[in-house]
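Note sheet for the following structure.
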Amino acid sequence: MTTGFTDERVRAWVAAAPLRWPRWVLAGLWVAAFVVSSMSDTAPCTTDSPCGPEPDFSVALVLCLGALALLWWRPFVAAACAVVFAVLDLAFDDVVTARVAWPVVALAFVAYAVHVRSRTQRQRDIARAASVVLPPWPPGLQRPLRTDRPHRLMALAAMVLVLVATGSVFGYERATGLDAEHSARSRVVEGVVLSHEDDEGYQRVQLTDRPEGFPAVVDVLFLDVPDVGADVAVQVDPQDPSWTHAIAEPPDRTWWFTLGLGALLVAGLLGERLLSVRVRRRHLEGSAHEVGVPVRVFTDDLDFVGIVATDSTRGLAEFPVDENLRLARAEDRRVTAPVETYLVGDVRHGGWAALASPTGLRLPMGAISALPEGTEVDLDSFDRDPEDVRDWSEEVPMGTIPVPLPVTVEAPLWRRLAGALVAVVAVAVGTWLLRDDEVGFSGIGVVVGTGSAMHWGLDQLAHRIRVTRDGFEMSTVFHRMSSPMGAVREVRHDGEAALVVFDDESVLDITPGDGDHRGLAAAIEHAVASAPRLSRNAVPTGGELAWTAVAFGLGVVVLAGSWLVHWLG
């Protein structure tokens, strides 16, 4: 039988991908169990058996919610959360229906995890049958990992979530400390319910034996809602009428546990994702790949590599990549036809695999994802190859007059000053907004929005490319990089920019302010011709942290600190 991912094998591999519809069934089961558990808990709140606080339930609730939230993202982690929550529910919950419902949900989640494992193993078997022995290619050029924008946002989100988790600890300590002060001054008084629940759930209560100077009528939020005219016992603080609650329903601040642990769980998963990108890429790069699966690939919109069958246009999977077009514009660049290559690694839906060719490995930024069954690729829609700069650019014309070096490409002075002003004003305005004691969780949005404005301003100030006869100096908000002329392989140009192709296949896009990009490209060509050549396997780029990165970090710390201080202080 023909080797490689033929049309027949692609059909079988895609058909073996884990089914998606059972996840919606599991979500329905989860919702049903939650509703049944809530409706079945009808035990009245009494002084002997008060309604809350329940720290163990608040902790377990993170696992319960995590099981549902992670079902689409991390089904095995979701199954683990469901199982642990079911065990805790059996150990601590007195509601019979809940003790039945949650184990059933856990078994269903485990069954789906087994289904996913079985299906992905079937995909591995199909890929193994299609594998061939790879030729003895020389080792390819090792490329440093450049974290793309989604993963930078993941890192930022993880840091924000850690701050939220830290803030929840202080929030809980502050809330329980205030409750202790109120409780030390409190007394229990009798009252009569005067009204039904209002829009916010409060009921008006007439106090029959109130402290001197205390309001005769107070609003009380009941969990176990009494009828109008019912006698109730409430606990009040004579010095603070807002601290009033039913004696059998003490204040429950353990929701801070749910918030903090939930934030830590998500931050941990994001951190694991960021770490796994590096670990798995290093593993793929360091492994001796002896076999691979022949496939054809195309690049679409600089977002992913599409994998198709070797003998048809049937789609197999998406392969997420990081483009090596350093500082280039994200233009819509497509390929003329799929390129033959080999898949190596864990070839399954959700597995980490690399693309092997005589030029080396193309490493992923994530796991491969199976395309829906019946996906066909319209090859006529592809006209340019982002991997081959020659396909969408031109050589420098003979006789082009070079511009004198050095040349510095940066924003005009007025825009750099405006960027600096925007960064300073963003921090000032953000700090002012966060001084509001009622900002609460909306402070996260203020911090993120202000941080984005600050990043834009610093980018106008810091973004700079300097071309000399010896090499290139490049500055962004976070890094300062340099590269010698001896590391340049080729110089080309497109409609408005000089394109410098380095030996590591990265492309530097330089758009001069005066518009003479051909003259700049010609000047770089002359400098390259007189520069000593570097070893092809040398890593040509050196970098260091930019001062604007420190400024950005300090700005974020000031904003986050202001939010936490005024929220929790």
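The values are calculated or read from the model by the stated rules, or taken from the named source; none is laboratory data. All of these numbers come straight from a predicted model, not from anything done at the bench. Virtual Cβ from ideal backbone geometry, glycine too; neighbours counted across all protein chains shown. To get the accessible areas, we keep the full protein, side chains included, count just its heavy atoms, and leave off ligands, DNA and RNA. Shrake-Rupley method; radii C 1.70, N 1.55, O 1.52, S 1.80 Å.
Between PHE76 and TRP456, full extension at 0.36 nm per residue minus the direct alpha carbon distance yields a gain of 132.9 nm. Dipole orientation for the chain: of the candidates GLN203, VAL100, LEU221, VAL100 has the Cα lying most toward the positive pole (charges on Cβ; Lys, Arg +1; Asp, Glu -1). Helix 413-433 and the long axis of the chain differ in direction by around 20°, with both axes built from C-alpha atoms.
Helical runs assigned H by DSSP (4 residues or longer) give the chain a calculated mean residue ellipticity at 222 nm of -15000 deg cm²/dmol, each run adding -39500 (n - 2.57) before division by the residue total.
I want to verify the translational diffusion coefficient of the range 1-76 in µm²/s; compute it with Stokes-Einstein, Rh as the Kirkwood radius over Cα pairs, at 20 °C and 1.002 mPa s. List each step's numbers first, then the result.
Details: Rh = 16.6 Å.
After rounding, the answer is 129 µm²/s.
For the range 7-130, the residue among GLN123, PRO44, VAL87 whose Cα projects farthest onto the positive side of the dipole built from Cβ charges is GLN123. Gain on full extension, evaluated as 0.36 nm per residue between VAL557 and VAL104 minus their Cα-Cα distance, stands at 158.5 nm. Each listed q (0.26 Å⁻¹) maps to a log10 I(q)/I(0) for the range 169-254, found by the Debye formula over equal Cα scatterers with no solvent: -1.32. Mean projected area of the convex hull spanned by the Cα atoms of the chain, taken over all viewing directions: 33.0 nm². Annotation: peptides 402-411, 257-266, ranked by per-residue average of other Cβ atoms within 10 Å with the highest first, follow the order 257-266, 402-411. Accessible surface for MET454 stands near 10 Å², nearest 10, in the context of the full protein assembly shown (1.4 Å probe). Under a model in which nothing but the beta-carbon of Lys, Arg (+1) and Asp, Glu (-1) is charged, the chain shows a dipole of about 2360 debye around its Cα centre. At a Cβ-Cβ separation cutoff of 4.7 angstrom, cysteine residues of the chain with no neighbouring cysteine are CYS64, CYS81.
Rg and Dmax over the alpha-carbon atoms of the range 7-130 stand at 18.6, 70 Å.
Ordered by 1.4 Å accessible area with all protein chains kept, TRP256, TRP21 run largest first as TRP21, TRP256.
How many percent of Cα pairs in the range 391-481 exceed 20 Å? List each step's numbers first, then the result.
Values: 2324 of 4095 pairs.
Percent of Cα pairs beyond 20 Å in the range 391-481: 57.
The angle between the Cα long axis of helix 21-40 and the longest principal axis of the Cα atoms of the chain comes to about 20 degrees, rounded to the nearest 10. The convex hull built on the alpha-carbon positions of the range 123-278 has an orientation-averaged projected area of 17.1 nm². Look at the dipole of the chain built from charges on Cβ: of LEU194, GLY306, LEU29, the Cα furthest out on the positive end belongs to GLY306. Helix 547-568 axis versus longest C-alpha principal axis of the chain: approximately 10°, rounded to the nearest ten.
Only Lys, Arg, Asp and Glu carry charge here, each on its Cβ (+1 for the first two, -1 for the last two); on that basis the range 191-277 has a dipole of about 460 debye about its Cα centre.
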